[in-house]
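The values are calculated or read from the model by the stated rules, or taken from the named source; none is laboratory data. Bear in mind the structure is a predicted one, so any value in this text is a computation, not a measurement. Glycine gets a Cβ as well: all are built from the backbone with ideal geometry, and neighbour counts include every protein chain shown.
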Ligand code: NAD
């Protein structure tokens, strides 16, 4: 934070619909009087064009300095030997927690009043991708083997994060999701560590545990019974998309990647090349990601004002983009949110 109270943050507009939705989000943040001073850098295809790398050194340097970024969706080129930019960012900055709130924004969907948060361990588990094949009888790929890695330290870190998050955000319960009945070592360590961590929050946050398959069924039958779910990498990846489905898909789902050294906020969806450049993309998911970023830097009051303005735009004015059944363009939606922000300032 500099002497004017501004907080320097890296802004990566991204690819496809990224620049369009970023423009809308920055306009809303300006109307709110947000504290962010942007250092705009490129990534994805835009990074390759500008610097020959989907994750250019200048972009990494910027995040190293600001430790805070808002990121549009990045297209990872298929072929060309480039590793996923998102995985590289996670590794580079130790972004061990992926937080995905799923909250109903538009009524009339399949489920009403969904309000749960999935906290996914982001750097361990089966996604370390220690994989190899064993050849048999001339078939080089006869057997495929993958090793997962969960550490007690990594489990403790994500579990403490989830319980702290629940306590800080007035959430009543944490559900620890695992498959300790079958993957006794890999996910047993996670459940064991939960049994050490949870009692420290007694009286503040309740907890229980679920086997992942039962959890998936209960999320569909009775999602209201859940509050905060914390789980290992692969299960968290799957369950957080399931949770996005409960609130009507990716268009309204934000995500935060949080580590000890940096935090990166983004929409859950991708660069939507099919609608890019037409000004019709929904900026809502990235807008809600920026609200998480405001909360992260202690500006919860601005996030609350933004969410109230968004709710009025969607549900009182009925101004929605096409993916939510409306006709508004990206900027028409943003301008309607800005009108509410200004009228309630
Ligand atoms: P996608 O999320 O880009 O698109 C899926 C569908 O949802 C498309 O029909 C798209 O038009 C629609 N959609 C997505 N966001 C929307 C929005 N804001 N408003 C309206 N409609 C929206 O998924 P995809 O097509 O599988 O991926 C496209 C590219 O995005 C790929 O290169 C992929 O690698 C990348 N991607 C990046 C991220 C990220 O940077 N975090 C995440 C997912 C995918």
Residue satisfying all of: in region 162-194; over 21 Å from residue 225 (Cβ atoms) and surrounded by fewer than 16 Cβ atoms within 10 Å (Cβ to Cβ); modelled with the lowest pLDDT among these: 168
Checklist (1) more than 10 Å from the ligand (Cβ to nearest atom); (2) assigned to a helix (DSSP H, G or I) applied to residue 251, failing item: (1)
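Would you mind stating whether residue 304 is touching a helix residue (DSSP H, G or I) at 6+ places or on another chain (Cβ under 7 Å) and either without any contact (Cβ under 8 Å) to a residue 60 or more places away in the chain or crowded, with 20+ Cβ neighbours inside 10 Å (or both)? First the steps, then the outcome.
Numbers: touching a helix residue (DSSP H, G or I) at 6+ places or on another chain (Cβ under 7 Å): no; either without any contact (Cβ under 8 Å) to a residue 60 or more places away in the chain or crowded, with 20+ Cβ neighbours inside 10 Å (or both): yes.
No, not satisfied.
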Residue list for region 111-136, filter: over 24 Å from residue 220 (Cβ atoms) and exposed (fewer than 14 other Cβ atoms within 10 Å of the Cβ): 129, 130, 131, 132, 133, 134, 135, 136
The one condition in (1) surrounded by fewer than 23 Cβ atoms within 10 Å (Cβ to Cβ); (2) under 30 Å from residue 129 (Cα atoms); (3) touching a strand residue (DSSP E or B) at 6+ places or on another chain (Cβ under 7 Å) that residue 266 fails to fulfil: (1)
Hits in region 277-301 - residues which are crowded, with 19+ Cβ neighbours inside 10 Å, away from the ligand (no atom under 11 Å from the Cβ) and more than 18 Å from the chain's Cα centre (by Cα): 299
Unmet criterion (only one of (1) closer than 24 Å to residue 44 by Cβ; (2) at pLDDT 95 or above) for residue 228: (1)
Scope region 137-161; condition surrounded by 11 or more Cβ atoms within 10 Å (Cβ to Cβ) and not in a strand (DSSP E or B); matching residues: 150, 151, 152, 154, 155, 156, 157, 158, 159, 160, 161
Residue ranges of strands (runs of 3 or more DSSP E) in region 25-123 with at least 3 members in contact (Cβ under 8 Å) with a residue 60 or more places away in the chain and touching a helix residue (DSSP H, G or I) at 6+ places or on another chain (Cβ under 8 Å): 68-71, 97-103, 115-121
Index of the failed condition, residue 331 passing every other in (1) over 17 Å from residue 106 (Cα atoms); (2) under 14 Å from the mean Cα position of the chain (by Cα); (3) part of a helix (DSSP H, G or I); (4) within 16 Å of the ligand (Cβ to nearest atom): (2)
Scan of region 254-269 for residues that are near the ligand (Cβ under 10 Å from one of its atoms) and part of a loop (DSSP other than H, G, I, E, B), ordered by number: 268, 269
Options 249, 255; residue that is under 16 Å from the mean Cα position of the chain (by Cα), surrounded by 15 or more Cβ atoms within 10 Å (Cβ to Cβ) and on the phi > 0 side of the Ramachandran plot: 249
